[in-house]
Amino acid sequence: MKRVVITGMGIYSTIGKNVEEVNNSLYNGISGIGIDPKRIEDGFRSPLTGIIERPNLKDLLPRRLRIGIPEQGEYAYVATMEALEMAQIDEDFRLKNEIGILYGNDSSAVPVINAIDIVREKKDTMLVGSGSIFQSMNSTITMNLSVILKLRGINFTISGACASSSHAIGMAMILIQQGLQDIVICGGGQEVNAESMGSFDGLSAFSMRIDEPTKASRPFDRDRDGLVPSGGGATVIVESYESAIKRGAPILAELTGYGFSSNGDHISVPNVEGPTRSLENALKYANTRPDEIDYINAHATSTPVGDLNEAQALFNVFGSRPPVNATKSMTGHEMWMGGASEIIYSILMMQNSYIAPTLNFENPDEYSAKLNLSGKRIEKKIDTFLSNSFGFGGTNSTLILKKYNKK
């Protein structure tokens, strides 16, 4: 099968509006978590969230192209343009070549709410506006970006809860290996607003450590009490090795493994068996031994049961050897974006030979104590890493990437 590489990446995150800013935050352990006053006004149990400034696209896109883009689409657009520039893919190239897009997104709450409010108040659907439907659909990011970028390849959205964008990258890898596409724009977008998080808050899924927002996300720590919702946009350019070499494009990393599984169990409570199979399937796909993994970016959202079960799965497969960290300790849980963003975070660490700290990891529990976890930054050469993404419904995705080697 064809080799598959990453030739560009871009990100708009709570810890930085571009790759350079994000790398600085990762290296220095800077948190992007704070308090949203609107959630207090709305009666949320927890007002904690990732803090992010919405980009202004008025000078970047004409109104007719902006009208159908919701919040998460704005983040995705900025991230994608950075990734395309890094990959040396301009408009002329896009017009002359078939490029696809697979993006992870599993909600678009605000446009739906706004449309319903208008209809209920005005009793006239004509007042909803022509852009509403395109903002409201789960496929909003792929439909908008495919038009803006004039793409002519594969084009659909993957909705797999918090594994969405990881699955998007894995599916692009398969398409390219089979010779069906040469270049696919992949990523994930997540809206960061109170409206999209009310039901999660009602499930008591969020941390209540309100007095110390930057200490609220505590993956694997014994005193964790729930996740912190977050989001943004993250894009990677997934490309065949032959295409990248022919173009003279930069090669940032090579995709070697994709594992997936379904828990087939509770709709919201994860188990150990499903993640374990996802890990094992990824290793098998990559023809890689557990002892060849230099670093693991854990899913680790900071929920009591989720982190406990993932720690058991990691220990089952890898034992105590490879260093593990959880970048969600800085970013919060980026939901549908998280799989793609954590690939970017991991590539940055691989490029710069360090492992970011797992913030607030102070007291391990009985299972995380068995893992090679640290609350401090570690200087380490990374040749091969693994990244986990798990979601509601028991969907699991694991990706393995390694440093580019011409051989």
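Protection proxy ranking of 175-188, 347-360, by the mean of other Cβ atoms within 10 Å over each peptide's residues and highest first, is 175-188, 347-360. DSSP bridge analysis restricted to the chain gives an antiparallel fraction near 70%, rounded to the nearest 5. Classify region 122-176: rounded, prolate or oblate, from the alpha-carbon gyration tensor (a ≥ b ≥ c, eigenvalue square roots; a/c under 1.5 rounded; otherwise prolate if a/b is larger than b/c)? Judged from the Cα gyration tensor, region 122-176 comes out oblate (a/c at least 1.5, b/c at or above a/b). Need one word for region 1-118: rounded, prolate or oblate. Basis is the Cα gyration tensor (sqrt eigenvalues a ≥ b ≥ c); a/c below 1.5 gives rounded, then a/b vs b/c decides. Oblate, because a/c is 1.5 or more while a/b does not exceed b/c. What does the C-alpha gyration tensor say about the overall shape of the chain? Classify as rounded when a/c is under 1.5, otherwise prolate if a/b is larger than b/c, or oblate. Oblate, because a/c is 1.5 or more while a/b does not exceed b/c. Placing +1 on the Cβ of every Lys and Arg and -1 on the Cβ of every Asp and Glu, with nothing else charged, gives the chain a dipole about its Cα centre of roughly 900 debye. Remark: spin-label model distance Ile40-Lys150 equals 4.9 nm, labels positioned 7 Å along the Cα→Cβ axis.
Taken one residue at a time, the phi angles of region 222-228 give Karplus couplings (6.51, -1.76, 1.60, θ = phi - 60°) of 4, 9, 5, 9, x, 7, 10 Hz. Gly and Pro are set to x.
Let me check against my output: what whole-number percent is the relative contact order of the chain, with C-alpha pairs under 8 Å and at least 6 apart? Relative contact order for the chain comes out at 24 percent. As a rough guide to protection, the peptides 141-153, 110-122, 197-209 ranked by mean Cβ packing within 10 Å, highest first, stand as 141-153, 197-209, 110-122.
Taking GluC sites (Glu not before Pro) across region 313-388, the ones in a DSSP loop with at most 15 further Cβ atoms lying within 10 angstrom of their Cβ are Glu362, Glu366.
Rule-based calculations on the coordinates, nothing more; no lab input. Every value quoted in this text rests on a predicted model; they were computed, and no experiment measured them. Note: ideal-geometry Cβ built from the backbone for every residue, glycine included; neighbour counts use all protein chains shown.
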